[in-house]
Each structure stands twice: as structure tokens, then as C-alpha cells.
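What follows is calculated from the coordinates using simple rules that are stated; it is not laboratory data. Note that the structure is a prediction, hence the values are computed from the model and not measured. No Cβ is skipped: glycine too gets one built from the backbone with ideal geometry, and neighbour counts run over all protein chains shown.
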Amino acid sequence: MQISRRPVLGAIAAGFVMSTVPVRAEARTLKGQVVYRERMLLPPGAVVEVKLLDVSLADAPARTLAEARITDARTSPIAYTLRYDSSQIEPRRTYALQARIVEGDRLLFINTTRHTVFGGGQDGGKEGGEIQVEKVGGDQAEVPPSASPVGRWLAEDIRGGGVIDNLQSVVEIATDGAVTGSGGCNRMRGQATISGTSIAITPLASTMMACPPAIMDQEGKFMAALEAARSFRIDPQQRKLFLFDGAGQTVLRLSAM
């Protein structure tokens, strides 16, 4: 007796077709509030921006998946609704919300700690929750002497990717702007120009010792983040220094030593 293989092959083909059907896009929302501590009204024309970012790659710019803009906010708290495409959320990737308040080209507030959503990359449709933003200093007259970045600082986080335990990436800024320190393997030196809350660090020179790849990787990211810094903020209570790039993104969080 001969058994036909056509039904079997047909079933396999049908299964293959079903497995290659693309994931259906579904519009979903994240809701929450942007909050700042200061008791103040936002200036007319201020815009609150909330972005959903793919921050999976620590050494690459975050990718924006969705953005909401609120133009009529006056004071904290500020409600937001962020609409995104669920088909863009992938397992084993990392996603975070970024909140900024700007007035034209001037950055007023930004969140300085990562606000992760979708734990482990799973799109559970969870609320975005409360995003705490911190005030960015204004002109030089508004900056107290205690807000100077002069001192010795230890890196706690580099571009949202953390740091290696027990590896010290350290920078010291002198009163004359001289920059020294160590990325964890090599000594480095350079020069910082500081005006108000603006900072610019010249390309850093370093020694040429070789260390294990993971250490060299962190050292390279640390030095690149220092050179990318364009502004800073001091948290005197926590004794933290935050460095931001030209787009207002946090590139380094450091603690006083």
C-alpha cells in the first residue's frame, strides 16, 4: 500500500507560511506624570518632551521609538500620554523613558536617572509612571560657588550602561581647569573650560598600557563621555556630578571622592 506524501508536505508548507507572518502592529500607550521639585511656573512657550528610547547599546546613541510633546504645561506635575507601536518592542532589549523641558534651544529640566519600562523587553502595556526631572542651571550668576565641578570624581554610570564593579574610572578637575585621572588602566590628562554650567574638555591624552578588553572598553567610553560633555549639574546633597552632551543627554554620573 502506497501512502501519499502530499498532505504532509502541504501541512509543513502551511506551517511555514504561518510562522513567517509578521507580528501585527498594535498601537498602545504609556501614561504618567513628569514631576519636578521646584515650586515655580514654567515660562510661556516651554515644551515638555517625553520619549520612548531603545537604550540597549551603551556605546551607541539611543534610538527614539515614540515621542510626546506637551505645550500647555505650567507647573508640576505634568500628565503625559505616549503612543507607541508594540511591534517595535523586542524581548531581551532595554527601553527607557526620557523627559525634558525646554524653552526654545534652552534646556530647563531633564531626568538624570534611567526610567526603564518593559522589564526585560517584554511589552506588558504598563503605565509609564512618574518621571522625576532635575533643573539644569542657568547663567553664571545663578550658579553658587559650591556648584563648581572642581574636585575628584568617581564614575558611577556611563551613558546609562553602568560601570564595572571594583574598577575605578576617576577624573580630577583642578581650579585652573587642568584635568587628570585614570580610566581604570591608563592615566589621562587634558584641560577643561568652565563657564556657568557649561563645560568643554579638550581631547584627552593618555598613557598606552594594555589591560583586559572589558577594562579597556570602559576606559574608552569614559574618556569619550568626558570629551562629549557640554554642560554639568551638581547635586550637593548626594555629592553627585552629572555631565550632559550637546543634546542634553546624560553621559556621565559621578560621585565625589
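Here the gap between GLN238 and ALA256, fully extended at 0.36 nm per residue and compared with their Cα-Cα distance, gives a gain of 5.6 nm. Here the Karplus curve 6.51 cos²θ - 1.76 cosθ + 1.60, taken at θ = phi - 60°, turns the phi angles of region 49-57 into couplings of 10, 10, 10, 9, 10, 8, 10, 5, 9 Hz, with x standing for Gly and Pro.
Three principal axis extents describe the C-alpha atoms of region 135-257; from largest down they are 45, 27, 26 Å. Pop the C-beta distance of SER198 and VAL35 into the FRET formula with R0 = 25 Å and round what comes out to the nearest 0.05. According to the calculation, E is roughly 0.40. When each of the peptides 88-101, 189-202 is scored by the mean number of other C-beta atoms lying within 10 Å of its residues, the order from highest to lowest reads 88-101, 189-202. Between GLU172 and VAL47, the distance separating the two model label sites (each 7 Å from Cα on the Cα→Cβ line) works out to 4.4 nm. For LEU57 and ASP85, the FRET efficiency from 1/(1 + (r/R0)^6), where r spans their Cβ atoms and R0 equals 25 Å, is about 0.80.
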